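Structure, as structure tokens:
The values are calculated or read from the model by the stated rules, or taken from the named source; none is laboratory data. Source: prediction; values computed, not measured. No Cβ is skipped: glycine too gets one built from the backbone with ideal geometry, and neighbour counts run over all protein chains shown. Remember, those area values only see protein heavy atoms, side chains included, never the ligands or the DNA or RNA. Shrake-Rupley method; radii C 1.70, N 1.55, O 1.52, S 1.80 Å.
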Amino acid sequence: MRKRQLLILPLLLSATLAMQAQRVTISCHNRAAESAFKELMTQSGKNFIYPAGLLKGVRVTVTARNEELRTVLNRMFSGTGITYTIRGNNVVLKRDKKKASTQPKKKTAKAPEAPKSVTVSGFVREKKSGEALTGATVHDPASGLYTQTNATGFYSLQTRPGSLTLIASYPGFDADTVSAGTRRNVNFSLREGGTALNEVVVTADKNRSLTMESPSIGALNLSRADILATPALLGESDVIKTLQLQPGVSAGVEGLAGMYVHGGNADENLYTLDNVPLYQVNHFGGLFSAFNTEAIRTVDFYKSSFPAKFDSRLSSYMDVHTRDGNMEKFSGSFKLGLTSGALSLEGPIWKGHTSYSVAVRRSWYDVFTVPVLAIVNARKETDTKTIFRYAFTDVNAKINHRFSDTSRAYVMFYYGNDFLKGGSEDKPGHHNYYYEKEVNTLSWGNTVASAGWQYTLTPTLLGQLTASYSHYGSSMKRESKDGDVDDKGDFYNLSVERLRSSNNIDDISARLDFDWRPGGGNNVQFGASYIWHTFLPQRAHRSLEGDEYSAEVLDEGRKYRASQWDFYLSDDWQPLECLRLDGGLHFSLFNITGRTHSQLSPRLSARLTLGGGWALKAGYAHTVQYVHQLQESSLSLPTDRWIPIIGDQKPASADNFSVAAYFDTKAGWTFSAEAYLKKMHNLLEYRDEHYLLPPEATWDNTLCAGRGLSRGIDFKVARHWGALSGHVAYSLLWADRTFADRNGGKTYPARFDNRHKINVLLCWKINDKWEVAASWTGMSGNRITLAMQDWEDGGFGPWNNNMTLVEGINNYRLPFYHRLDLSATRHTRHGYWTFSLYNAYCHINTIAVRRDYADDYQWVTDQWGNQTMTLRPVFQKVKLIPVIPSVSYTWLF
């Protein structure tokens, strides 16, 4: 049996190599080689690269019908002195330097043996701003070897020795050619333009390359332009809402910037801002995310197979890289929208060496509500005054300094905060009256300060050191007053109740990351990090005052301090042209209350190219989570507390299995099917009827542990070609939960078990002035818990409420959800207008169901034959968002 298994690999590889032949059809007679060559580019869909002037004056004659690409190229360039190499999805042309020599060889002294290879490294950046370009391609036309830059724009290429000419290219930018000579440190500056220079012809798309060439499954890279092109609620472009259009990502409640990936919970997604984890990523209960698009450079997103660098969450990882700032000239933008305004400034402090970038965003809700509330509260027919104020603020700031071509440092600051105040107060009366006032104040947000140093230790090794402090805080205050007021306006029988609670996390961290390109098709990444956590799950203060009494209860809460160590090692290795592997390990230690938890998380993913545009992938990833957020509703509110595992609680973990198949056509279409199975262990939730526990019960006694299971398949068809791009995606999902102390121990569906989900996104650049986009979303409704039976109150207590019976958690699925969003962008001389329609055909979707009573009465006969007239109980659908038009203007300067 073992021998039979050993025979499978060579047979499979032989079949793979045979399938790499791609067939084309062409007919030309004495045609310019460049013209014939472009036709082959269109048919094959490959990225073609060649140096300037290579095809100048070359004419070819070739006729082929459904023949292999290699055969056609051999005949086309026979006798021209041009050779080619097919490397993955790239075809590299070069001039054949081999020359026949008829002269007899003379015996000479043996010269010193030349090195077989040299290493050239450097950075690829935007010429206009100096920003790093992630995923740019750097290649040597003479040898046909190439590599790509990492998130910092760093590349390292092993190639043949000699006088070198290197070419760097990136989608949407003009290529840059540098005659390196014998230099081993070469930097590139690419000019934004979207058309190739004469030095090189190359067509590429970073996500298409990521799909077909990378071993990662479910990985996505977004630029700021990708985010801006997506229609969004109230005209606010948002990275999380852009990701909601991807298969396998559910939005949660309509209009909110929630993210539930492959059946996971909202707290199972790790969000990092320049290597620093964030805990609160939503504004206004999730209506907007905390990531200001004006401050974003690129975003990397992983949902199936994960790099070994990331851990601490179960479902997904979103790595946000902020803009470094323009080192060449001052620039900025000012955006004015219906709901918020944003100001972005960047420029050099020391030209060519030091730059800054500042982005500020603030909402207008509190400004708009002042006149509205003044009109509402001035109405004489109302006896109550409404109190409301809401505002959110984001501040991103960064200073970047370049010491040399091999060394740079930065400092970064982020502040995000929400403030919400609401309530009511009785208006003064003319005579004695009863007075009531209730005001609730909520506040939540993050503060981050970090510094980093990046140094190229050797031409093949890049190191980065990051140190940071982050604070997450949420607080809730409630004040209620009631009493009597006499004719003079004085209070008597006054009762005042005040309640304050808060939840805080403080992190001090340091991490060291290395990117090593030793050659031989290897890209090794390794590093370590340490985080000192200080958790305050709950602090509460309650007071009660009256005319003749006062009471106060203070619960300072207990602070939990924890140490977390993380170590990782991974290698992205391409041993064969058709095979690429990415394997790694992540080891973590979490020490809290004198107890240490440890987890080893292996990662492995593989890509096999079959030729003809086909690629197969498979992956496994083990993930672990030590910190959880307890949600009491589907909204992201300060009442949702972040807590660490303590006592006998075990860290949550997940085993992610995934397989995928991809097909890339010659016309620019990419088809993908990604199947996954995720087994989750030691999940934490509130136990049934936890609110009945005595007041002295600690918060950890209200929780119970269980397991989860999600499985499904994501389909996607994408096109990235010319002025029109977009995708159609479909997801099939099952997500279940099983807890011994919830739902009677029976398995129940997860809240966002959206069985079917369809997304359609189309973007069309009509010309240099107009761009339009449309997105349609349709999915099975969310799950909610409904009490299907109730009994009339028997009068055994001081309350007067009917008693309900809940037969199962999440026992009802809301109606099918669907909407269409449209947007148009009009570019002007000094900026651009953005027009959008959210829910364009005004289908008001159901977001909840509530129990109520109809306006009509019904006769009810009891067991003794007595009839009474009662209100008829009904279920009512709660619908929220109609069509919402919006407009904003962004001034560029």
Query - Candidates ALA562, ALA510 - the one that is closer than 30 Å to ASN275 by Cβ, of a type in the set (Gly, Ala, Ser) and either buried (at least 16 other Cβ atoms within 10 Å of the Cβ) or in contact with a Lys or Arg (Cβ under 9 Å, 6 or more places away or on another chain) (or both) - result: ALA562
Query raised in the report: Checking GLY745 against (1) at negative phi; (2) surrounded by fewer than 16 Cβ atoms within 10 Å (Cβ to Cβ); (3) at pLDDT 90 or above, which test does it fail?
Result: (1)
Requested in this report: Within segment 723-742, track down each residue that is within 30 Å of VAL772 (Cα to Cα) and open to solvent by 30 Å² or more (accessible area, probe 1.4 Å).
Outcome: ALA723, LEU724, SER725, VAL728, TYR730, LEU732
Requested in this report: Give the residue, chosen from ARG607, ARG539, ARG603, that is open to solvent by 70 Å² or more (accessible area, probe 1.4 Å) and outside the structural domain of HIS471 (by TED's automatic domain parsing).
Outcome: ARG539
Requested in this report: Kindly check whether there is at least one residue in segment 538-554 that is under 13 Å from PRO644 (Cα atoms) and touching a Leu at 6+ places or on another chain (Cβ under 6 Å).
Outcome: no
Query - Qualifying residues in segment 698-715 (those that are among the charged types (D, E, K, R) and out of contact with any His (no Cβ under 6 Å at 6 or more places or on another chain)) - the one surrounded by the most Cβ atoms within 10 Å (Cβ to Cβ) - result: ASP714
Query raised in the report: Could we say that ARG517 is touching a Leu at 6+ places or on another chain (Cβ under 9 Å) and of a type in the set (D, E, K, R) here?
Result: yes
Query raised in the report: Among the residues of segment 860-876 satisfying the criterion of being in a loop (DSSP other than H, G, I, E, B) and of a type outside the set (D, E, K, R), which is nearest to PRO815 (Cα to Cα)?
Result: GLN863
Report task. Could you please find all residues in segment 280-311 being modelled with pLDDT of 90 or more, within 26 Å of PHE587 (Cα to Cα) and not β-branched (Val, Ile, Thr)? Result -> ASP300, PHE301, TYR302, LYS303, SER304, SER305, PHE306, PRO307, ALA308, LYS309, PHE310, ASP311
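Pick from segment 299-355 the residues that are among the charged types (D, E, K, R) and part of a strand (DSSP E or B): which of them is farthest from LYS241 (Cα to Cα)?
Here the answer is GLU346.
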Report task. Considering only segment 454-466, state which residues are within 25 Å of the chain's Cα centre (by Cα) and either of a type in the set (Ser, Thr, Tyr) or open to solvent by 50 Å² or more (accessible area, probe 1.4 Å) (or both). Result -> LEU465, THR466
Query raised in the report: With respect to the numbered conditions (1) within 30 Å of THR119 (Cβ to Cβ); (2) under 30 Å from the mean Cα position of the chain (by Cα), which one is the sole condition not fulfilled by MET476?
Result: (1)
**Report entry** Subset tally (residues that are among the hydrophobic types (A, V, I, L, M, F, W, C), modelled with pLDDT under 80 and touching a helix residue (DSSP H, G or I) at 6+ places or on another chain (Cβ under 9 Å)) for segment 163-220
**Finding:** 1
Report summary line: When LEU554 is run through (1) open to solvent by 60 Å² or more (accessible area, probe 1.4 Å); (2) among the hydrophobic types (A, V, I, L, M, F, W, C); (3) not in a strand (DSSP E or B), the failure sits at (3)
Query raised in the report: Which residue out of TYR889, TYR853, TYR841 is part of a loop (DSSP other than H, G, I, E, B) and in contact with a strand residue (DSSP E or B) (Cβ under 7 Å, 6 or more places away or on another chain)?
Result: TYR841
